[in-house]
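**Student:** There's a structure below that I have some questions on.
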Amino acid sequence: MRIAVLHNRRPEISNPSCDLPDDEYEEYDSVATIEAIATALRLTGLAHIVQPVEATRDLVARLDGHFDFVFNIAEGVGRRCREAVPAAVCELLGLPYTGSDPVTLGITLDKELARRVVSPDVPVALGLTDLDQIDQLRFPVIVKPRDEGSSKGIRQDAVCFHSHQAVARAHALRTIYGCPILVEEFLPGAEVTVAIAGNGNNAHILAMMEIAPVDHESVFLYSLERKREFHSSIRYHVPPRLPQTTLQRIERDALRAYHLLGCRDIARIDFRLDASGLPHFLECNPLPGLNPESGDLVIATRSTLRYADLVCGILRDAAVRKGVAL
Ligand SMILES: Nc1ncnc2c1ncn2[C@@H]1O[C@H](COP(=O)(O)OP(=O)(O)OP(=O)(O)O)[C@@H](O)[C@H]1O
Ligand SMILES: [Mg+2]
């Protein structure tokens, strides 16, 4: 078995003279993540070749005939269809790959589309993409890129208390990132992320984790700044410090969202509670970050699952789904 670890690598050195924001490549994977996945796959002895392959323009030629399976973590290039493209190349070549298909990758990367798919079965915050209607929302609101991840563009100042502030924030995001905007009512309650694995009736919760600030904050955001300094500013609680009924509801809604969005093999789904304690879907990550130190899904599953078993579990689920013997 020859396995390609399909990825987009974060550039090592950012160029201070260029105009790109410092989180331009935030979603891309570090060499450490790519190597950790490759090492985990090699440890299993399931493959005699495990090779990192970057999702560049010549991807067809670099994959075709050289591999039997793809472990996909590639974020791609462009806007909301970028994650779908490397997976679509695998489809084109008839090459089995881990994780969700291009349709799911496209829908989930467009947060507004994902909200429409899961709602009303799963509650979402009131939100809109047309700034002309912003006064229909109750403030505070959060202004975020509609098609980004890894908190790219979501800094501590993403929460806005007045419409003029929100409009200015939206214009700034459009200018810096060239992205469409999603404005949502701010959910002030606890934040929980849910790791899910498997397919069909075998889809199951791997872990639920509450993400909380070290010190109480009146407006807590798991922002870019907080993610980058997570060692000192964030406490992760597994399981979340929430009532059993709330946890059961999050479990149910997470599995619902996983199925409604057509997720496969693995995903991480984010929730936040409103002021009355009702969980709301924020977004779904079908290519969850797998950095062994900082990946939220890895942190959430750390106490029950070794890193190598997590990675190989994703591969095994994909192989079973495709009927491929490992
Ligand atoms: N409606 C909301 N109410 C309160 N907080 C929110 C809301 N939307 C987003 N947030 C905060 O902003 C953070 C980032 O938002 P979101 O999960 O949508 O972005 P992301 O960049 O796709 O995240 P990820 O790193 O999980 O890919 C959330 O973890 C949460 O703390
Ligand atoms: Mg998120």
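**Student:** Which one is nearest to ligand 1 (Cβ to nearest atom), of the residues in region 236-275 that are free of Cβ contacts under 8 Å to residues at least 40 places away in the same chain and either in a loop (DSSP other than H, G, I, E, B) or under 17 Å from ILE211 (Cβ atoms) (or both)?
**Tutor:** Filtering region 236-275 for residues that are free of Cβ contacts under 8 Å to residues at least 40 places away in the same chain and either in a loop (DSSP other than H, G, I, E, B) or under 17 Å from ILE211 (Cβ atoms) (or both), the one nearest to ligand 1 (Cβ to nearest atom) comes out as HIS237.
**Student:** Collect the residues in region 271-285 that are among the acidic types (Asp, Glu) and either over 24 Å from ASP147 (Cβ atoms) or more than 12 Å from ligand 2 (Cβ to nearest atom) (or both), keeping them in residue-number order.
**Tutor:** Scanning region 271-285 gives a single hit, ASP274.
**Student:** Given ARG268, ARG252, which one is basic (Lys, Arg), within 14 Å of VAL192 (Cα to Cα), within 16 Å of ligand 2 (Cβ to nearest atom) and modelled with pLDDT of 95 or more?
**Tutor:** Exactly one residue qualifies, and that residue is ARG268.
**Student:** Restricting to region 116-125, name every residue that is surrounded by fewer than 21 Cβ atoms within 10 Å (Cβ to Cβ) and outside any loop (DSSP other than H, G, I, E, B).
**Tutor:** Correct list: ARG116, VAL117.
**Student:** Only one of (1) over 19 Å from CYS90 (Cα atoms); (2) among the acidic types (Asp, Glu); (3) touching a Lys or Arg at 6+ places or on another chain (Cβ under 6 Å) is not met by ASP68, so which one is it?
**Tutor:** ASP68 satisfies all of (1) over 19 Å from CYS90 (Cα atoms); (2) among the acidic types (Asp, Glu); (3) touching a Lys or Arg at 6+ places or on another chain (Cβ under 6 Å) except (1).
**Student:** Something else about it: Would you point out which residue out of ILE181, ILE134, ILE176 is within 19 Å of the chain's Cα centre (by Cα) and either of a type in the set (Ser, Thr, Tyr) or not assigned by TED's automatic domain parsing to the domain that holds LEU278 (or both)?
**Tutor:** ILE181
**Student:** Still on this structure, please answer the following. Can you find even one residue in region 293-301 that is outside the structural domain of GLY45 (by TED's automatic domain parsing), within 12 Å of ligand 2 (Cβ to nearest atom), part of a helix (DSSP H, G or I) and closer than 30 Å to PHE139 by Cα?
**Tutor:** Within region 293-301 (the criterion being outside the structural domain of GLY45 (by TED's automatic domain parsing), within 12 Å of ligand 2 (Cβ to nearest atom), part of a helix (DSSP H, G or I) and closer than 30 Å to PHE139 by Cα), the answer is yes, since at least one residue qualifies.
**Student:** From CYS179, CYS160, which residue is within 14 Å of ligand 1 (Cβ to nearest atom), over 30 Å from ALA319 (Cα atoms), touching a strand residue (DSSP E or B) at 6+ places or on another chain (Cβ under 7 Å) and at pLDDT below 95?
**Tutor:** CYS179
**Student:** Considering only residues that are buried (at least 17 other Cβ atoms within 10 Å of the Cβ) and in contact with a helix residue (DSSP H, G or I) (Cβ under 6 Å, 6 or more places away or on another chain), which ones fall in region 73-87?
**Tutor:** The answer is ALA74, GLY76, ARG80, GLU83, ALA84, ALA87.
**Student:** Give me the pairs: first residue in region 151-172 and within 20 Å of GLU225 (Cα to Cα), second residue more than 12 Å from ligand 1 (Cβ to nearest atom) and basic (Lys, Arg), beta-carbon distance under 8 Å, and six or more apart or on different chains, which are they?
**Tutor:** ASP157/ARG169; ALA158/ARG169; CYS160/ARG169
**Student:** Now for a different question. In region 206-218, is there at least one residue being out of contact with any Asp or Glu (no Cβ under 9 Å at 6 or more places or on another chain) and of a type in the set (Gly, Ala, Ser)?
**Tutor:** Looking through region 206-218, at least one residue is out of contact with any Asp or Glu (no Cβ under 9 Å at 6 or more places or on another chain) and of a type in the set (Gly, Ala, Ser).
**Student:** Go through (1) within 18 Å of ILE107 (Cβ to Cβ); (2) more than 8 Å from ligand 1 (Cβ to nearest atom) and name the single condition PHE139 misses.
**Tutor:** Every listed condition holds for PHE139 apart from (1).
**Student:** Next question. I'd like the full set of residues that are near ligand 1 (Cβ under 9 Å from one of its atoms) and out of contact with any Gly (no Cβ under 6 Å at 6 or more places or on another chain), limited to region 288-300.
**Tutor:** Correct list: PRO288, ASP296.
**Student:** Considering region 30-70 alone, what residues qualify as being of a type in the set (Gly, Ala, Ser) and within 25 Å of the chain's Cα centre (by Cα)?
**Tutor:** SER30, ALA32, ALA36, ALA38, ALA40, ALA55
**Student:** In addition: Condition check: away from ligand 1 (no atom under 12 Å from the Cβ) and of a type outside the set (Val, Ile, Thr). Does ALA197 satisfy that?
**Tutor:** The answer is yes for ALA197.
The values are calculated or read from the model by the stated rules, or taken from the named source; none is laboratory data. These numbers come from a predicted model, not from an experiment. Methodologically, a virtual Cβ is constructed for each residue, glycine included, from the backbone with ideal geometry; neighbour enumeration extends over all protein chains shown.
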